[in-house]
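Down below is the structure, laid out as structure tokens.
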Amino acid sequence: MKTSLGRTRQLGHIALVAALLTANVDAATPVPENEALIAPAAAADKLKQLRLRIKQLESDVGELQPLSRAVDVAVDCSAGGSIGNVLATHANGLGQLTIRVTGTCIEAVTITRSNVVLLGSGPATIQAPAPTAFALLVTRARNVEVANLRLAGGQGAAGVTKNAQAIFSGVLAEGSNLGMVSADNGTMEITRSTLRGNSFGAYSIRRGVTLISDSIIENNTTGILAFKGGTINVTSLAPDATTIAAGVIVRNNGTGGVSRSGGLIDLSDARFEGNRSVGLLVDSTSALHFFSSINGSANRISGNGSVGVLVQKNSSVVFTDATNVITGNGTGILCQPDSSYLISAGSPGNVTGNVSGDIVGCVP
């Protein structure tokens, strides 16, 4: 009897150790003898659960693999194709989605997923279908690139908003109200592009950031507007932040640039020339910063009909160095009462040859 009971207990202990090893539990952990008989069932249950988890992981990986693949789609809008339909089909994709566009797409395109490239192949246009629509809107998406496209009409040619980020290269933005818009923490980078014939060429508001390089902004009512916490950086630094590019030319607009209601315009190697009224206007607690030259061409404000740089209403203008050229304007720099005029290098640069005075009302 004792021998039989001893063997039973021995077999129970062996089964317990095997179950603990199967379940990946430390076999040295003491377990009461009366649990030895139920341990194999518990181990089998845990093993079953582990197999189910592995099966689910295999299924998840199987579903994710197609979503992660790069997709390349051609859209011919002249033949009835739609960019919006392609975006809807691949809305859950994770890999890069490249859409090659030809023809004129009369649609309001909204990009809400990341890793999208829109490429114009030959003459290609996205035309806003209504005055209140954006031709292209990027929202809550990252790593979006738009190249070689005409963006036209509507409330805006293109907008980047709600923490989105997009790069525009080789685009033509025309015939809209707000032009190229960054808003609500959206970041828009524009290079090798032309913004023309809009009410505003580039417009930034509510912590939106627009960086413009190697581009022309012309024949708009206002070339650029940084408004209510928006920032516009007019620079010769390309979007990759390492390549030195050509600067930006802002010409033949009603007003070249306006920084208003807490906006900021930052200039490096920019040319504001031939604008019919003011070259650059800063007012109502906003700032205008003439930053150092990056490509060596410096900032040049010339041939503007009224004032080259107008500073008023509790705003500030800052000159970082003396490489700037402000010449041939009605007045070179005009500071109204309660404005701030700051010079870091002792001189704003070459401010000469302005018809009604070079530096008027400005006290460092």
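The values are calculated or read from the model by the stated rules, or taken from the named source; none is laboratory data. Owing to the predicted nature of the structure, the values given are computational and were not obtained by experimental measurement. Neighbour counts are summed over all protein chains in view; Cβ atoms, including those assigned to glycine, are modelled from backbone coordinates with ideal geometry.
Brief remarks on what is shown
- Of all residues in the range 243-268, those being farther than 17 Å from SER292 by Cβ and at pLDDT below 95 number 1.
- Scanning the range 255-292 for residues that are among the hydroxyl-bearing types (Ser, Thr, Tyr) and in a loop (DSSP other than H, G, I, E, B) gives SER261, SER268, SER277, SER284, THR285, SER286, SER292.
- A Cβ distance below 6 Å, combined with a sequence gap of six or more or placement on separate chains, defines the contacts here; from the range 318-345, residues that are in the same structural domain as SER297 (by TED's automatic domain parsing) reach residues that are among the basic types (Lys, Arg) and crowded, with 20+ Cβ neighbours inside 10 Å in the pairs VAL325/ARG300.
One line per residue, one yes/no per condition, for (1) under 24 Å from ASN233 (Cβ atoms); (2) in contact with a Cys (Cβ under 6 Å, 6 or more places away or on another chain); (3) of a type in the set (A, V, I, L, M, F, W, C):
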site: THR132; (1), (2), (3): no, no, no
site: ALA141; (1), (2), (3): yes, no, yes
site: ASN163; (1), (2), (3): yes, no, no
site: ALA173; (1), (2), (3): yes, no, yes
site: ASN185; (1), (2), (3): yes, no, no
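- Matching residues in the range 225-253 - criterion: being under 21 Å from ASN163 (Cα atoms) and hydrophobic (A, V, I, L, M, F, W, C): LEU225, ALA226, PHE227, ILE232, VAL234, ALA238, ALA241
- Residue within the range 298-320 that is in a strand (DSSP E or B) and in contact with an Asp or Glu (Cβ under 6 Å, 6 or more places away or on another chain) present: yes
- Within the range 189-206, one or more residues are touching a Pro at 6+ places or on another chain (Cβ under 6 Å), among the polar types (S, T, N, Q) and farther than 22 Å from PRO129 by Cα.
- Test set (1) modelled with pLDDT of 80 or more; (2) surrounded by 12 or more Cβ atoms within 10 Å (Cβ to Cβ); (3) in a helix (DSSP H, G or I) - ALA74 fails condition number: (3)
- Among the residues of the range 224-251, the ones that are more than 25 Å from GLY296 (Cβ to Cβ) and not in a strand (DSSP E or B) come to 3 in all.
- Note on the range 84-167: enclosed strands (runs of 3 or more DSSP E) holding 1 or more residues that are in contact (Cβ under 8 Å) with a residue 12 or more places away in the chain and not assigned by TED's automatic domain parsing to the domain that holds ILE190 are 97-106.
- Exactly one residue among LYS55, LYS46 is at pLDDT below 95, basic (Lys, Arg) and surrounded by 12 or more Cβ atoms within 10 Å (Cβ to Cβ), and that residue is LYS46.
- Taking (1) in contact (Cβ under 8 Å) with a residue 60 or more places away in the chain; (2) within 18 Å of THR139 (Cβ to Cβ); (3) of a type outside the set (D, E, K, R) in turn, ALA226 satisfies each apart from (2).
- Top-ranked residue of the range 335-364 - restricted to ones that are in a loop (DSSP other than H, G, I, E, B) and hydroxyl-bearing (Ser, Thr, Tyr), ranked as farthest from ARG300 (Cα to Cα): SER339
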